[in-house]
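Here the structure is laid out as structure tokens; the discussion comes afterwards.
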Amino acid sequence: MRCPWAEDSFEAMQKYHDTEWCKPSHDDKYFFEMLTLELSQAGLSWSTVIKRRDGYRQAFADFDVERVSKFDDQKQAELLQDESIIRNKLKVKATINNAQKIVEMHQAGENFSDYIWHFTDGKIIDHHFTDESQMPAQDELSQAVSKDLKKRGFRFVGPTIIYSFLQAVGVLNDHLDQCDFK
């Protein structure tokens, strides 16, 4: 059995649920990918984003933060014409901005994934929900991470986006207790 949101969904959504969602990662590239996909989801469904994931990989240089951080106005204009991604100017600009902020962290000797994990002292927060209605849209952790990211100049990192991001990279384990992938 899967969590209800993935149980009756399409194959890519089920694969994401089964192999990635709430699975701990420490890979900076994956963190940037998930931050980009989560901010792209704002106001949309996760299935809309998952269906465009390959398009995002291609459009955003396979989530190479160094390359994305150097995207100029011409590249932004090209991205806004790319039908394989969500063509929202603010979201595209936020992705490039966030890549620049991660590059700044790297230049200062900081790893983005280590920075995120420090909020929990490297520990997974394993919630024990039995129903999706128990899952919050945000919590104190996502509020704290959001506030700090904003202070560092990141964009589109509100507490709800960050809660989903923390699930995506495995800081939070929100698989329902009865889920086979808990």
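The values are calculated or read from the model by the stated rules, or taken from the named source; none is laboratory data. These figures come from a predicted structure and were not determined experimentally. With ideal geometry, Cβ positions are generated from the backbone for all residues, glycine too; neighbour counts draw on all protein chains shown. Note: areas computed on protein heavy atoms with side chains; ligands, DNA, RNA excluded. Shrake-Rupley method; radii C 1.70, N 1.55, O 1.52, S 1.80 Å.
Quick rundown of the values:
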| read-out | value |
| --- | --- |
| Positions within the range 111-143 being assigned to a helix (DSSP H, G or I), open to solvent by less than 50 Å² (accessible area, probe 1.4 Å) and more than 11 Å from Tyr163 (Cβ to Cβ), in sequence order | Phe112, Ser113, Tyr115, Ile116, Trp117, Thr120 |
| The range 59-74, subset over 16 Å from Phe112 (Cβ atoms) and open to solvent by less than 60 Å² (accessible area, probe 1.4 Å), residue farthest from the chain's Cα centre (by Cα) | Phe71 |
| Sole residue being under 21 Å from Gly55 (Cβ atoms), surrounded by fewer than 20 Cβ atoms within 10 Å (Cβ to Cβ) and either out of contact with any Asp or Glu (no Cβ under 6 Å at 6 or more places or on another chain) or not acidic (Asp, Glu) (or both), chosen from Asp148, Asp82 | Asp82 |
| Pairs with Cβ under 6 Å, 6+ apart, first in the range 70-83 and more than 18 Å from Thr36 (Cβ to Cβ), second open to solvent by 50 Å² or more (accessible area, probe 1.4 Å) | none |
| Hits in the range 154-178 (condition: closer than 16 Å to Ile102 by Cα and either of a type in the set (Ser, Thr, Tyr) or part of a helix (DSSP H, G or I) (or both)) | Ile162, Phe165 |
| Within the range 144-153, tally of residues that are basic (Lys, Arg) and not in a helix (DSSP H, G or I) | 1 |
| Restricting the range 152-169 to residues that are open to solvent by less than 10 Å² (accessible area, probe 1.4 Å) and either at pLDDT below 95 or aliphatic (A, V, I, L, M) (or both), the residue that is farthest from Met13 (Cα to Cα) | Val157 |
| Residue in the range 85-100 that is hydroxyl-bearing (Ser, Thr, Tyr), loosely packed, with under 14 Cβ neighbours inside 10 Å and in contact (Cβ under 8 Å) with a residue 24 or more places away in the chain present | no |
| From the options Leu176, Leu141, Leu172, Leu149, residue that is touching a strand residue (DSSP E or B) at 6+ places or on another chain (Cβ under 6 Å) and either of a type outside the set (S, T, N, Q) or modelled with pLDDT under 95 (or both) | Leu172 |
| Matching option when the condition is of a type in the set (Lys, Arg) and in contact with a Lys or Arg (Cβ under 7 Å, 6 or more places away or on another chain), among Lys70, Lys101 | Lys101 |
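Residues checked against (1) free of Cβ contacts under 8 Å to residues at least 40 places away in the same chain; (2) assigned to a helix (DSSP H, G or I); (3) within 28 Å of Gln107 (Cα to Cα); (4) open to solvent by 20 Å² or more (accessible area, probe 1.4 Å):
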residue: Met1; (1), (2), (3), (4): no, no, no, yes
residue: Ala6; (1), (2), (3), (4): yes, yes, no, no
residue: Gln14; (1), (2), (3), (4): yes, yes, no, yes
residue: Asp18; (1), (2), (3), (4): no, yes, no, yes
residue: Cys22; (1), (2), (3), (4): no, no, no, no
residue: Phe32; (1), (2), (3), (4): no, yes, yes, no
residue: Glu38; (1), (2), (3), (4): no, yes, yes, no
residue: Thr48; (1), (2), (3), (4): yes, yes, no, yes
